[in-house]
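A quick write-up on the structure given underneath.
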Amino acid sequence: MKKLVIFIVCIICFSPIFVFGASKPRLTLSTNSPFQGDVVRVTLENSGVAYAFFKNASVSFFPYNGNFVALIPIAGNEPIKKHILYVILSDGSLATRTIWIRAKKFPSVSLGIPKGSTLTTDTLVSNLSKEKVAIDEVVGKKTEFVYFNERFQSPLLTADEITSPYGEIRKTGKTIIRHWGIDYKAKKGSEVYAISGGIVSKSYFDEVYGNTIIIDHGRGVFSLYMHLDERLKGDGELVRAGEKIGFVGNTGYSFGPHLHLSLKIHGISVDPERFIDVMKK
Ligand SMILES: [Zn+2]
């Protein structure tokens, strides 16, 4: 009799875990109210995905840390709006999540042309738009066999300060240029590290961005390091997470030694610090 009671108690205690607990699909978001410039990390546990879409575009999930993960980039100038994420799980069931995009207050500064530079506002704007086309082309070409599987980390051991945050509104004469990256003030010659593993898509010198390295991490994620004093990696080279790729410099359109870091997901620039935070886990 005692054995039977223990047996029944055991069934009552554990059966819900076996039946419902361990295998129930779980869809979680890093945030459901991202600011402009954030990344929403979507994690799906205990299920595969048949199809997912957000803002009428398909969302791709990939295996990461034992689960399926998708990254939804929110542009810095994304309209403030509510959207629904639809995920059809591998068993055919539908899961939805509401994502509210919140307005971010971006700082505004006046920025001239550095002393001794041959650039004018007009040439700066025209160079920037030409360079944007070239960069869009690079980040549009994904290297299919490259997939990051490591956590992301900071590109510098120490940065003195962030001198220009993501999204800053820069007024140069009558022209407004948005700063879709982060400037870290650091000593000239400080080592710069790859924020995760990947392949160098492009290593080059540009009049505005100076010595630049673009790394393709796979899954549509690219990191861009600009104004370097020296580049240690060339086109097509593989890099590991945390590997030294160059040194902080003052090359191109720059007011002093600093590292500019940009982060693009499917061609959309997001706040690199917010992205690294979301991908540290
Ligand atoms: Zn910058």
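Counting the residues of segment 174-184 that are buried (at least 22 other Cβ atoms within 10 Å of the Cβ) and either more than 15 Å from the ligand (Cβ to nearest atom) or acidic (Asp, Glu) (or both) gives 1.
Residues being farther than 29 Å from ASN67 by Cα and of a type in the set (S, T, N, Q): count how many of those fall in segment 137-180. Result for segment 137-180: 5.
Applying the criterion of at least 3 residues that are more than 12 Å from the ligand (Cβ to nearest atom) to the strands (runs of 3 or more DSSP E) found wholly in segment 185-281 leaves 191-193, 198-206, 210-218, 221-231, 244-248, 258-265. Being outside any strand (DSSP E or B), exposed (fewer than 15 other Cβ atoms within 10 Å of the Cβ) and touching a residue at least 60 places away in the same chain (Cβ under 8 Å) is the requirement here; does GLY112 meet it? It is true that GLY112 is outside any strand (DSSP E or B), exposed (fewer than 15 other Cβ atoms within 10 Å of the Cβ) and touching a residue at least 60 places away in the same chain (Cβ under 8 Å).
Out of all the residues in segment 95-106, which are exposed (fewer than 11 other Cβ atoms within 10 Å of the Cβ) and either acidic (Asp, Glu) or within 23 Å of PHE68 (Cβ to Cβ) (or both)? Within segment 95-106, THR96 is the sole residue that qualifies.
I'd like the full set of residues that are within 17 Å of VAL133 (Cα to Cα) and surrounded by 19 or more Cβ atoms within 10 Å (Cβ to Cβ), limited to segment 191-205.
Step one: list which residues in segment 191-205 are within 17 Å of VAL133 (Cα to Cα), which gives 201-205.
Across segment 191-205, the qualifying residues are SER201, LYS202, SER203.
When ILE88 is tested against (1) part of a loop (DSSP other than H, G, I, E, B); (2) surrounded by 12 or more Cβ atoms within 10 Å (Cβ to Cβ); (3) hydrophobic (A, V, I, L, M, F, W, C), just one condition goes unmet, and that condition is (1). Just to verify a result, which residue in segment 130-143, among those that are more than 16 Å from the ligand (Cβ to nearest atom) and at pLDDT 80 or above, is nearest to the chain's Cα centre (by Cα)? Within segment 130-143, the match that is nearest to the chain's Cα centre (by Cα) is VAL139.
Taken together, the residues in segment 155-168 that are within 16 Å of the ligand (Cβ to nearest atom), in a loop (DSSP other than H, G, I, E, B) and either at pLDDT 90 or above or not assigned by TED's automatic domain parsing to the domain that holds ILE245 (or both) amount to 5.
Taking the numbered list (1) among the aliphatic types (A, V, I, L, M); (2) touching a residue at least 60 places away in the same chain (Cβ under 8 Å); (3) within 16 Å of the ligand (Cβ to nearest atom) in turn, VAL146 passes all entries but (3).
Here is a check on your reading of the model: is LYS171 away from the ligand (no atom under 16 Å from the Cβ), closer than 30 Å to VAL125 by Cα and either surrounded by 13 or more Cβ atoms within 10 Å (Cβ to Cβ) or not hydrophobic (A, V, I, L, M, F, W, C) (or both)? Give the steps one after another, and end with the answer.
Numbers: away from the ligand (no atom under 16 Å from the Cβ): no; closer than 30 Å to VAL125 by Cα: yes; either surrounded by 13 or more Cβ atoms within 10 Å (Cβ to Cβ) or not hydrophobic (A, V, I, L, M, F, W, C) (or both): yes.
For LYS171, the condition - away from the ligand (no atom under 16 Å from the Cβ), closer than 30 Å to VAL125 by Cα and either surrounded by 13 or more Cβ atoms within 10 Å (Cβ to Cβ) or not hydrophobic (A, V, I, L, M, F, W, C) (or both) - is not met.
The values are calculated or read from the model by the stated rules, or taken from the named source; none is laboratory data. Since we're looking at a predicted model, the values are computed, not measured. Please note: Cβ atoms are built from the backbone with ideal geometry, for glycine as well, and neighbour counts cover all protein chains shown.
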